[in-house]
Amino acid sequence: MTATPSLFRFDNSYARDMSGFYVPWEGAKVPSPELVLFNRSLARELDLEPDLLETSEGAAIFAGVTPPDGASPLAQVYAGHQFGGFSPQLGDGRALLIGEIIDRNGQRRDIQLKGSGPTPFSRGGDGKAVIGPVLREYVIGEAMQALGIPTTRALAAVTTGEDIFREGPKPGAVLTRVAASHLRVGTFQFFAARGETEKVRQLADYAISRHDPDLQVQEDRYLKLFARVMERQAALVAQWVLVGFVHGVMNTDNTTISGETIDYGPCAFIDSYNPAAVFSSIDHGGRYAFGRQPMIMQWNLARLAEAMLALFSPDDLDMAVERVSSELARFPELYGEHWLAGMRRKTGIQTASDDDKAFFERLLDVMHEQNVDYTLFFRHLGTAAAGDASSLRALAETPEALDSWIGEWQSRLDTENTDRADLKAGLSSINPAYIPRNHMVEAALQAAETGDYAPVRKLIEVLELPFDERAGLDDFAHPAPQDHGPYRTFCGT
Ligand code: AMP
Ligand code: MG
């Protein structure tokens, strides 16, 4: 008899080294796992064999029914501030970390099943997920990846053959998620809130070994870890804002240490520019509105600073507060630099000027007032640079309202002696033609609920190459028609 090759070459550091930070657990049994999406290119990146996994055996693994050889499935514990209020006990209430593998680039990656059944952290929830939110996380996560934005990835989506009750019966599903790690601000908060300083230190050391190994031999490594997380998150939120992404539920348990976007729940992309845009049906106060995201991220990082405080200057709390506060105070500037550099790239401006912030704010003010589609505006800038501003101007309710800014911008390009043809090509590789337009996502998810996966597959295919405009894909490039009504998203449960 020949031995079957191991499907995953697991090396489970969290299970091995972090006892007390999780409970070993197993997935629920479900009637009939079926693979509906499988990410072959990600599988190859992970050094997995797609042909062995895109099978009924793979479906059973991705549904959580059969743990693969070498897995050590576990539910991680964490806490978190949800909409500003602290919940001391959250944790994987419907997810299992099945193990870690080292990918082709030598990077350690978590493999997690989301929707695999109740755990000790389910707090009365059913531990399940349904097809719509699972596919939303798949589609938007993969779109973010294609846009060059750090994110967890989607390896597979399976249906379970079960009906799960939400607003009515919905097809049950499980997402296989791949992440640089699942360490969250909330993971630190869990142990800090219990006064378990040694566990906070152990977690920080683990985070350093995973994400910032160069700090291992440095003095002050905990403060430096904090600074690294802040730098990654400042860069990340700037990328969200530059592309028009609204996360929707920026709780501290949804804020990673790795700097990856995680937990796509009621997320959405803005159409017309509006800093107050809120899509989530549960965000009544607009806490997580589009334009508030940088400020909220700084708030979340302040919660991380508090959770790590005992590590910074263990013998002198005042000193610890002072040192981490001066780090945290750098956030607005860090964020601002990333955002400004990004806006210069989006508009083809090569040199920084003192007026840049005001220059871009003047643009955003007009876009807001004129209901200009954010994505299309930047996409059409290239054509305007090459001499024809008509499609750009047509995006405004009153085209003349854009003229003053377009004139200023043209003069900047002239001053910099920019080659206009080169600029057009360059801008097309920075400003996407295709983003996950809310109405297209919704239509694809609705079709999937009835068992038709063709639209979601098509959407994924389009969004894989967001910068390459292709014939016949106009519907994917435009906002919903005016009569479509306001867009609402619901939490990803
Ligand atoms: P989220 O809003 O998806 O980030 O989840 C917040 C917390 O609620 C986490 O601890 C989740 O594990 C938990 N949770 C969300 N949905 C469910 C569910 N259907 N069953 C059990 N726990 C859940
Ligand atoms: Mg979450």
**Message:** Among the residues that make up the range 317-336, is at least one of them in contact with a strand residue (DSSP E or B) (Cβ under 6 Å, 6 or more places away or on another chain), of a type in the set (Asp, Glu) and touching a residue at least 12 places away in the same chain (Cβ under 8 Å)?
**Reply:** no
**Residue, most open to solvent (accessible area, probe 1.4 Å), within the range 469-480, restricted to residues that are in contact (Cβ under 8 Å) with a residue 24 or more places away in the chain and not in a helix (DSSP H, G or I)** = Glu469
**1 or more residues over 29 Å from Leu90 (Cα atoms) and among the basic types (Lys, Arg): qualifying helices (runs of 4 or more DSSP H) within the range 1-65** = 40-45
**Request:** Return a yes/no flag: does the range 386-394 have any residue that is open to solvent by 40 Å² or more (accessible area, probe 1.4 Å), among the small types (Gly, Ala, Ser) and at pLDDT below 95.
**Result:** yes
**Request:** Please work out which one of (1) modelled with pLDDT under 95; (2) buried (at least 23 other Cβ atoms within 10 Å of the Cβ) is the condition Asp283 fails and give its number.
**Result:** (2)
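Go through the residues of the range 323-334 one by one and say whether even a single one is assigned by TED's automatic domain parsing to the domain that holds Arg292 and open to solvent by less than 20 Å² (accessible area, probe 1.4 Å). Write out each step before concluding.
Our first condition is that a residue be assigned by TED's automatic domain parsing to the domain that holds Arg292; within the range 323-334, this holds for 323-334.
Cutting the leftovers down to open to solvent by less than 20 Å² (accessible area, probe 1.4 Å) gives us 324, 331.
Yes, the range 323-334 contains a residue that is assigned by TED's automatic domain parsing to the domain that holds Arg292 and open to solvent by less than 20 Å² (accessible area, probe 1.4 Å).
Do we have any residue at all in the range 243-250 that's part of a helix (DSSP H, G or I), more than 16 Å from ligand 1 (Cβ to nearest atom) and either in contact with a strand residue (DSSP E or B) (Cβ under 7 Å, 6 or more places away or on another chain) or open to solvent by 10 Å² or more (accessible area, probe 1.4 Å) (or both)? Please lay out each step first, then the result.
Taking the range 243-250 and keeping what is part of a helix (DSSP H, G or I), we get 243.
From the residues that got through so far, the ones that are more than 16 Å from ligand 1 (Cβ to nearest atom) too are 243.
Next cut, either in contact with a strand residue (DSSP E or B) (Cβ under 7 Å, 6 or more places away or on another chain) or open to solvent by 10 Å² or more (accessible area, probe 1.4 Å) (or both) only: 243.
Yes, some residue in the range 243-250 is part of a helix (DSSP H, G or I), more than 16 Å from ligand 1 (Cβ to nearest atom) and either in contact with a strand residue (DSSP E or B) (Cβ under 7 Å, 6 or more places away or on another chain) or open to solvent by 10 Å² or more (accessible area, probe 1.4 Å) (or both).
With the requirement that a residue be assigned to a strand (DSSP E or B) and among the β-branched types (Val, Ile, Thr), what does the range 159-198 give you? Give the steps one after another, and end with the answer.
Of the range 159-198, the ones assigned to a strand (DSSP E or B) are 159-165, 169-179, 184.
Across the range 159-198, the qualifying residues are Thr159, Thr160, Ile164, Val174, Thr176, Val178.
Taking only the range 98-140 into account, find how many residues are in a helix (DSSP H, G or I) and over 15 Å from Glu442 (Cα atoms). Before you say what the answer is, go through the steps one by one.
So the first thing to find is which residues in the range 98-140 are in a helix (DSSP H, G or I), and the list is 131-140.
Filter again for over 15 Å from Glu442 (Cα atoms), leaving none.
Adding up the residues that qualify gives 0.
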**Request:** Run His368 past the list (1) in contact with a helix residue (DSSP H, G or I) (Cβ under 9 Å, 6 or more places away or on another chain); (2) surrounded by 13 or more Cβ atoms within 10 Å (Cβ to Cβ); (3) outside the structural domain of Arg303 (by TED's automatic domain parsing) and report the number of the one that doesn't hold.
**Result:** (1)
**Message:** Can you tell me which of (1) assigned to a helix (DSSP H, G or I); (2) open to solvent by 10 Å² or more (accessible area, probe 1.4 Å); (3) without any contact (Cβ under 8 Å) to a residue 40 or more places away in the chain is the one Ile208 doesn't meet?
**Reply:** (2)
**Message:** So, Pro466, is that one assigned to a loop (DSSP other than H, G, I, E, B), touching a His at 6+ places or on another chain (Cβ under 9 Å) and not assigned by TED's automatic domain parsing to the domain that holds Pro169 or not?
**Reply:** no
**Request:** Mind listing whichever residues of the range 437-463 are of a type in the set (D, E, K, R) and either over 23 Å from the mean Cα position of the chain (by Cα) or part of a loop (DSSP other than H, G, I, E, B) (or both)?
**Result:** Arg437, Glu449, Asp452
**Item:** Residue within the range 397-420 that is under 23 Å from Ala268 (Cβ atoms) and touching a helix residue (DSSP H, G or I) at 6+ places or on another chain (Cβ under 9 Å) present
**Value:** yes
**Asked** Got a number for residues in the range 447-468 being open to solvent by 20 Å² or more (accessible area, probe 1.4 Å), of a type outside the set (Gly, Ala, Ser) and free of Cβ contacts under 8 Å to residues at least 60 places away in the same chain?
**Response** 7
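Restricting attention to the range 400-427, which residues are part of a helix (DSSP H, G or I) and open to solvent by less than 40 Å² (accessible area, probe 1.4 Å)? Walk me through how you get there before you give the answer.
Of the residues in the range 400-427, the ones part of a helix (DSSP H, G or I) are 400-415, 420-427.
Of everything in the range 400-427, those that are part of a helix (DSSP H, G or I) and open to solvent by less than 40 Å² (accessible area, probe 1.4 Å) turn out to be Ala401, Leu402, Trp405, Ile406, Gly407, Trp409, Leu413, Leu423, Gly426, Leu427.
The values are calculated or read from the model by the stated rules, or taken from the named source; none is laboratory data. Model, not experiment: these values are computed from the prediction. Cβ sites come from the backbone with ideal geometry, for glycine too, and all protein chains shown count toward neighbours. The protein model used for the area step is the full one, side chains on, heavy atoms only, and it has no ligands, DNA or RNA in it. Shrake-Rupley method; radii C 1.70, N 1.55, O 1.52, S 1.80 Å.
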